[in-house]
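Reviewing the structure listed below.
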Amino acid sequence: MKASASTVKKRVFAAFTALVCLFAALVGRLFYIQIIDGGELKAKAAEQWYRDLPLKAPRGKLLGNDGTIIADNRDVFTLYARPNAVTDKAAVAKELSNSLSLNYDSVLEKLSSHMGEVTIKRKIEAEKAYELREKNIAGLYYTLDTTRNYPFGNSLSQIIGFTNIDNVGQSGIESYYDKYLSGTDGFAYTSTDIAGREIDGTATRYLPSVPGCNITLSIDVNIQRFADEAVLAASTEFNSKSASMVVMDVNTGGILAMAKSPAFDLNEPPRDDLDLLNELSRNTMIVDMYEPGSTFKIFTTAAALEAKVVSDNDSFYCAGSRTVDGQRIRCWRSIGHGSQHLAEGVKNSCNCVFMDLALRLGTDRFYSALDSFGLGKKTGVDFSGESSGMLMNKNNVKTVDLARIGFGQAVAVTPLQLITGVCSVVNGGKLYKPYLVSSVDTYDGRNIVTRTPEVVRRTVSEQTSQKMREYLLGVVSSGGGSKAGVSGYLVGGKTGTAQKYENGQIAQGKYISSFIGFAPANDPKYAVLMIVDEPQGYMYYGSLVAAPYAGRVFSSIFDYKGLEPTENPSVEYLFMPDVMGLSAEEAVKTLESKGLHVECVGEGSFVSSQVPVPNTRIASTDSVLIRL
């Protein structure tokens, strides 16, 4: 039976529709392959017919504030092999293992693999790489790489930090600014056959790398050298656990130097001992806190003056101790200081005076001032891991706690917090945000980041600041900070000696000796904080241990910057009196009558030893030590 005409038409239409749909599907598939998925498929094809070798981007340089290179790069090479192109694998493995001090079996295994490329060794010194290239071994390829180079060795090791084998920052500035210092890698593309062998006569295509940005630090390399020499000498002389120093621009917050001993050579970090590496690379000046002791008295005095709870004419009496909340708190000088005005109390660093000032302020006002100085919180410096220090919860502070905080106990600060806050006390009252990096620039000189001094807040009035400069000048000119003085120049500052704690208890015989100073005292420009952790022996006072090294650095800075003396050098000398066997009172009276500042060690009744020894020639305003 023949189909009707309408049925035939329907069948033709259905077939036509099917063909149209099939054609549309084919067109759609072609569109997807060519347009949507084309890029990925082309990349896969390129992987089969091209081999690429990375062109490592040079890492950006680190520069001092005068353009001196602190960190740059040294050319090295990475050796690759294309196993299919290596003809005599055993012979090549032997040659490479001998030349590059590699394990023969490991090299042979790589050369026998079915991978397109294998990495034989990275960071090959240029001279060795050139020797191998001259042998024209088939299947071996070399790409230029870089490794970090630090011209100053162990200087700034806790600040700069280090990179890993891939030149990625692991600590310090290298880590914090890694996104700027890292460049963009390039590639070299070579045509190969299906087996991965390079096709003769084809050109290699290059996508050049882009170098990382150059970073200029606030560090002055000359002042850094002065600080490096000081901490090394101090740690050696006193056989201390460590010694550290921070030098800051008083009027910007820029860190001019940051030194610590012991340190390590940045070109050869002890990577095989991670505990040692972590210990040596730890920037204790930013990430660790400590009980400051008497250097903290600067804040107590400034807060009391600002709150107008004390004046020059106020008189204080020290009998050697104060009793607060039923607890007897001793002054560092067990025989007491007697009656004294505020300036004398600051010069003598009398604990009783500062207990009285803290109690006059009260908890609310004192804590408000400490908050203003930036204590108990991070400074915001451009460095990872900064500590916020430690202040007791204000609601838990008892009267006896307040008294102890007044002279630098029951409180913890970082060295950076301390020097930043003190700079605000002496510069007119401006608390600056400290910084380590001044600018970031692309490799071709285009500026990306420029740091300008940032005032966080005002801490004290100009009048209070002026008064504090006068008090602290007296500490150096005729008080415990005399060894930090530089003849012909005005230097102000404060010493500190703090006992250390272990497991919540006072660690017997362990101290932190410190000095913080500024100069010129009439127009401060530079601040120096020197800390010696656990000096050995009985000479542990900051006046005898830390102050002399701060003085050396100030003297070097004055010479380096060409600062002319503002005072007539008028140092008078005398011979150290013999006070051996005298009572404590007689010895102190004899020495102070000569203008000397006296530090006492021990609780005996008579002098058993003295430093310097009798008849030693010393300055008339020097600090001396007697042991009871």
Next item on the list: Using a Förster distance of 35 angstrom, determine the FRET efficiency expected from the C-beta separation of Val210 and Asp275, and round it to 0.05.
Entry: 0.40
Item checked: Whichever lysines have a C-alpha closer than 17 Å to that of Lys10, once near sequence neighbours (fewer than 8 apart) are set aside -> Lys2
Notebook entry, point to check: Once you have the alpha carbon radius of gyration of the stretch 463-606, what is it after dividing by 2.2 N^0.38 Å, with N set to its residue count?
Noted result: 1.16
Next item on the list: Express the accessible area of the stretch 59-169 per residue in Å², computed with a 1.4 Å probe while the remaining protein chains stay in the model.
Entry: 46 Å²
Next item on the list: At 18 Å minimum axial length over the Cα atoms and a Kyte-Doolittle cut of 1.0, report the qualifying DSSP H helices in the chain, or say none.
Entry: 5-31
Notebook entry, point to check: Where does the Debye-calculated log10 I(q)/I(0) of the stretch 382-514 sit at q = 0.13, 0.16, 0.22 Å⁻¹, using only Cα point scatterers of equal weight, no solvent?
Noted result: -0.81, -1.11, -1.40
Next item on the list: Give the longest segment of the chain that steers clear of trypsin sites (Lys or Arg not before Pro) in DSSP loops with at most 10 neighbouring Cβ atoms within 10 Å, not counting the sites themselves.
Entry: 447-628
Item checked: Simple label model, 7 Å out from Cα along Cβ direction - Ser461 to Asp166, nm -> 5.9 nm
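How big is the antiparallel share of DSSP beta bridges in the chain, given as a percent to the nearest 5?
Of those bridges, close to 90 percent are antiparallel.
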Notebook entry, point to check: So who's got an amide H within less than 5 Å of the one on Val76, skipping anything under 5 residues away but keeping other chains? H placed 1.01 Å off N, in plane.
Noted result: Asp145, Thr146, Thr147
Margin query: At 1.002 mPa s and 20 °C, plugging the Kirkwood radius over alpha-carbon pairs of the chain into Stokes-Einstein gives what diffusion coefficient in µm²/s?
Written below: 74 µm²/s
Checklist line | Kirkwood-Stokes translational diffusion coefficient of the stretch 236-335, alpha-carbon pairs, 20 °C, 1.002 mPa s, µm²/s | finding: 117 µm²/s
Checklist line | Value of D in µm² per second that Stokes-Einstein yields for the stretch 508-561, Kirkwood Rh from Cα pairs, at 25 °C (0.890 mPa s) | finding: 206 µm²/s
Check: So what's the back-of-envelope 222 nm ellipticity for the chain, counting only DSSP H runs of four-plus at -39500 (n - 2.57) apiece and dividing by all residues, rounded to 500?
Finding: -10000 deg cm²/dmol
Check: Using alpha-carbon pairs under 8 Å, 6+ residues apart, how would you state the relative contact order of the chain in percent?
Finding: 12 percent
Notebook entry, point to check: Computed FRET efficiency, Cβ-Cβ of Val27 and Ala90, R0 41 Å: what is it to the nearest 0.05?
Noted result: 0.15
Check: Can you pull the percent of the stretch 292-387's accessible area that's carbon plus sulfur, 1.4 Å probe, other chains left in place?
Finding: 43 percent
Margin query: Quick check: pseudo-label points 7 Å beyond the Cα along Cα→Cβ at Ser101 and Phe13, how many nm apart are they?
Written below: 8.7 nm
Item checked: Where GluC sites (Glu not before Pro) fall in DSSP loop in the stretch 538-610, at most 13 other Cβ within 10 Å -> Glu567, Glu572, Glu603
Check: Where does the longest stretch of the chain lie that holds no chymotrypsin sites (Phe, Trp or Tyr not before Pro) found in a DSSP loop with 15 or fewer other Cβ atoms within 10 Å?
Finding: 1-442
Check: Using a 1.4 Å probe on the protein chains only, how many percent of the accessible area of the stretch 418-532 belongs to carbon and sulfur?
Finding: 45 percent
Margin query: Treating only the Cα positions of the stretch 566-628 as identical point scatterers, give the base-10 log of I(q)/I(0) from the Debye formula at each q in 0.15, 0.21, 0.25, 0.28 Å⁻¹.
Written below: -0.42, -0.74, -1.00, -1.22
Check: Heavy-atom accessible area per residue, the stretch 447-572, 1.4 Å probe: how many Å²?
Finding: 43 Å²
Next item on the list: Give me the Debye-computed log₁₀ of I(q)/I(0) at q = 0.10, 0.17 Å⁻¹ for the stretch 310-438, equal point scatterers on Cα only, no solvent, two decimals.
Entry: -0.37, -0.96
Check: Can you give the Kirkwood hydrodynamic radius of the stretch 489-531 from its Cα pairs, in Å with one decimal?
Finding: 11.9 Å
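The values are calculated or read from the model by the stated rules, or taken from the named source; none is laboratory data. Being a predicted model, the structure only gives us computed values, none of them experimental. As a convention, Cβ positions derive from the backbone with ideal geometry for all residues, glycine included, and neighbour counts pool all protein chains shown. Calculation scope for accessible area: heavy atoms of the full protein, side chains included, ligands and nucleic acids excluded. Shrake-Rupley method; radii C 1.70, N 1.55, O 1.52, S 1.80 Å.
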